[in-house]
1. Taking the full set of protein chains and a 1.4 angstrom probe, give the accessible area of Ser220 in square angstrom, rounded to the nearest 10.
2. Select from region 165-257 those trypsin sites (Lys or Arg not before Pro) which occupy a DSSP coil region and have at most 13 other Cβ atoms within 10 Å, ordered by residue number.
3. Name the shape class, rounded, prolate or oblate, that the alpha-carbon gyration tensor gives for region 337-467, where a ≥ b ≥ c are the square roots of its eigenvalues, rounded holds for a/c under 1.5, and otherwise prolate holds if a/b is larger than b/c and oblate otherwise.
4. Report, to two decimal places, the Cα Rg of region 228-321 normalised by 2.2 N^0.38 Å (N = number of residues).
5. If only Cα atoms are counted, what is the Rg of region 188-269, and what is its Dmax, in Å?
6. What order do His283, His144, His240 take when sorted by accessible area (1.4 Å probe), most exposed first?
7. Run the accessible area of region 192-276 with a 1.4 Å probe and give the carbon-and-sulfur part as a rounded percent.
8. Could you order the peptides 53-61, 83-91, 295-303 from most to least packed, using the average number of other C-beta atoms within 10 Å per residue?
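The values are calculated or read from the model by the stated rules, or taken from the named source; none is laboratory data. Note that the coordinates shown come from a computational prediction; the quantities given were computed from them, not determined experimentally. Cβ coordinates were reconstructed from backbone atoms using ideal geometry, including for glycine residues, and neighbour counts include every protein chain displayed. In case anyone asks, the SASA skips ligands and DNA or RNA and just uses the protein heavy atoms, side chains included. Shrake-Rupley method; radii C 1.70, N 1.55, O 1.52, S 1.80 Å.
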Amino acid sequence: MPTSPSTAEGGSRRPMRRELLEGPIALTLLRKCLPVVGGMIAMMSFNLVDTWFIARLGPQPLAAVSFTFPVVFAVISLAIGLGIGTSAVVARLLGRGDHDTVRRRATDAALLALAVGVLLSVLGLATLEPLFRLLGADAALMPHIRDYMGVWYLGAAAVIVPRVLNSVLRAQGNTLIPGLMMALAALLNGLLDWLLIFGVGLLPALGVQGAALATVLSWSAMTAALFWQRELRECLDLRHLTPSGLMASWRELGRIAVPAAITSVFTPLALALVTRIVAGHGHHAVAGYGVGTRIEAIAQIGVLALSMTLPPLVSQNAGAGQHERVRRAIFGCFAFVLAWQLGVWLLLQLLAPWLMVSYATGDEMAEVLRSFLWWVPLGLGAQGVVILAVSSFNALHEPARAMRLSVIRLFLLTVPLAWLGGVLASTRGIFVGLFLANALVGMVAWRALRRRLDAMRAEAPAHAHGG
């Protein structure tokens, strides 16, 4: 018999993490969020460092690598979906105390990530040139794209597998190790970029190939380091692997992972449509909007960290039948993000004059940026409610509801209202439209989740307790 996840090496019992089931909700979520914030900042620096080094090679290599972003983001979206599915399934099983099935699902999720990575390597290399020609790359850029993606595709599994392994740890309430691993991977990537892109000593200068190789090697190192974690190794077991069991696991994981991956792709697609709407008002509008969206990304770090730490708590407590604790956690986070993002909005109003002087290259761009900073961040609290509602529905194994909320926000409200606002009041109207879209769908998300939790409480057996 395999040892359970609560059994330490040598047969001694080690208590399973019970923070998510028994700890004070606010304090527990705060402790879990801080490492995630650190990891997210590290990942932002990961991308910035890559771009900075590649820019030193010249405009063509930088343009070529820019063409790869949609493809890379699609693969990462798939990895995010697999991670969401894995976390939701594993955390609920932990809440039920079903440790044997935890080992089975965690192992099968890692194997699925590996299989998907290998499949993407094969398909990506086979379709490399036709795909990027379809995306608009010309003959001058294609050699650089081949150099970069030829290496990147070979390491697709190294990009996907650690995200799934990290999700297994987060499902148990361990956010420190994933955050630390992401920070170390970012540091290693920066060092390898310098060594491999430009060459040092006996190492030849590999150009964009070196940038791709640095990414693959840093993520591979993260994967190897994760396998050294005892807490993760205790959740993996290849001894009882069967084809039928594997397929059953993959079906359960895919039921949440596939909609989550599709939902992840929706956001950049909607942003591309909004950018196209903004572009109709001139280059200064695009420039101001571009600066604003980068500030917006930083302003949302707290919400995005919560969207990664709240779901394991929701899944574990739902699995344990602690529905009142689930309700308190979700609606407590809703209230927090509304207050937090209001504070962020006030801070941005104080910083707005400095931001305009620092980033605006003319009066027209400054006016666009000022309008953005007034209206769009004002709706980020409501947008945070939607983001947390989507992640909570996934955690409750309700991926269809999560997808519907995303479709409503992005395609039924955000894009149409941005277009209508642009027609009626130029760029200011676009930003008012974005604010209204977030405010409206925030109310929809709050109501939808409240109704679902009410139904869960009514369906719960009489002995279920709130914790």
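1. 50
2. Filter output for region 165-257: Arg239.
3. prolate
4. In units of the 2.2 N^0.38 Å rule of thumb, it is 1.67.
5. Expressed in Å, the Cα Rg and Dmax of region 188-269 come to 19.1, 52.
6. Output order, biggest surface exposure first: His283, His240, His144.
7. Exposed carbon and sulfur together represent 72 percent of the surface.
8. 83-91, 295-303, 53-61
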